[in-house]
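The values are calculated or read from the model by the stated rules, or taken from the named source; none is laboratory data. These numbers come from a predicted model, not from an experiment. Neighbour counts run over all protein chains shown; Cβ positions are idealised from the backbone, glycine included. The accessibility values were calculated without ligands, DNA or RNA, using every heavy atom of the protein model including side chains. Shrake-Rupley method; radii C 1.70, N 1.55, O 1.52, S 1.80 Å.
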Amino acid sequence: MDARQPHILMCPPVFYGIEYEINPWMKRERQADHDLAIKQWNNLLAMLLDAGAKVSLMTPVRGLPDLVFTANAAMIFQRTAVLARFRHPQRQGEERYDAEWFTEHGLQVTPPPANTYFEGAGDALFCGEDLFAGYRMRSDARGHQEIGQRLGVRVIPVELVDPYYYHLDTCFCPLAPGEALYYPAAFDEYGQTALRELIPHLIPVAREEAEAFACNAVVVGRTVVTNAGCPQLAASLAQRGYRTLETPLSEFVKAGGSAKCLTLRLDGEEAAAWRNVDGNQV
Ligand code: ARG
């Protein structure tokens, strides 16, 4: 097998549903269509395999509907998984299953900093050498700084100001070192400036496409996989030499998630300099 094959963790939506409301997208009366959710998830999986990724699966657990959003399970750095501590009690039951999975699969598992919330790759994404870290809605800024110190990487904390964009991966998507997508209005002035100064090729996403989760994209090589309904994004990406594939994920948008949230990159995102440096593989 190719030592550089992208490796992604997913969890089948067997027990997925809108069982509680912990972000503004979730309304229990706007229930997900279960069969359609399974179909959409299978199509996403097929697309990622087709794009060349290897996909590992977590076992779904009854009563933990959001376990499908594996992006939140941990943040991966080389062979270390920094585990999540969820802000909402509704998701805290996921933590032990996440810890078990990473331990059983040979990663070095480390807890999040004491007395802080941390929602994994949902809020912490490498672009080049730097770890961009979203805080306020879910993860704590102090925890991000401590993780940076532990791992020996520079952390760029960015405050999330719109409750609809409560995780960093709903409004920011690194594509390659020095290149990323972002939805400006999800950040304050300071955050927008920091992103613009540190990332030379920053592609803004229009409001209506941010609402369709355009920023919640999975990058596999030069292929970008997103929810359906992001034509402007596809055009901007084509100009920069990316191929965009769309697949409908409406049933997951009802929980406030889309393509990226349903995946966790185990070998390092394409944009992470550490992956490009040592090609580490789980
Ligand atoms: N319902 C989940 C929550 O609110 C959705 C998580 C989406 N995950 C993500 N990485 N943005 O926690």
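All Cα-Cα separations within the chain were binned at 5 Å from zero, giving a P(r) of 1, 6, 14, 19, 21, 19, 13, 6, 1, 0, each value a whole percent of the pairs. From the Cα gyration tensor of the range 199-271, with a ≥ b ≥ c the square roots of its eigenvalues, which class applies: rounded if a/c is under 1.5, or else prolate if a/b is larger than b/c, or else oblate? Verdict is oblate for the range 199-271. A convex hull fitted to the Cα coordinates of the range 138-235 yields 106 cubic angstrom per residue. With every protein chain present, what accessible area does Y164 have (1.4 Å probe, heavy atoms only), rounded to the nearest 10 Å²? Here the residue's solvent-accessible area equals roughly 100 Å². Computed over the range 29-176, the percent of Cα pairs more than 24 Å apart is 35.
Sum up the lysine pairs in the chain that clear both bars: alpha-carbon distance under 19 Å and a spacing of 8 or more or different chains. Lysine pairs, 8 or more places apart or on different chains, close enough: 4.
Ordering P200, C261, A51 by the projection of their Cα atoms onto the charge dipole of the chain, which places +1 on the Cβ of Lys and Arg and -1 on the Cβ of Asp and Glu, puts A51 at the extreme positive end. Considering only alpha-carbon pairs that sit under 8 angstrom and 6 or more positions apart, the relative contact order computed for the range 142-282 is 19 percent.
How would the range 45-116 be classified by its alpha-carbon gyration tensor: rounded, prolate or oblate, with rounded meaning a/c under 1.5 and the a/b versus b/c comparison settling the rest? The shape class here is oblate. Working from label points 7 Å from Cα in the Cα-to-Cβ sense, the R30 to E100 distance is 3.3 nm.
Rg/Rh for the range 36-83 (Cα atoms only, Rh after Kirkwood) is 1.01. The trypsin sites (Lys or Arg not before Pro) of the range 33-132 that meet both conditions, a loop assignment by DSSP and at most 14 other Cβ atoms within 10 Å of the site Cβ, are R62, R79. Rolling a 1.4 Å probe over the protein heavy atoms gives the chain an accessible area of 39 Å² per residue. Taken along the Cα-to-beta-carbon direction at a fixed 7 Å, the label points for I38 and E129 span 4.9 nm.
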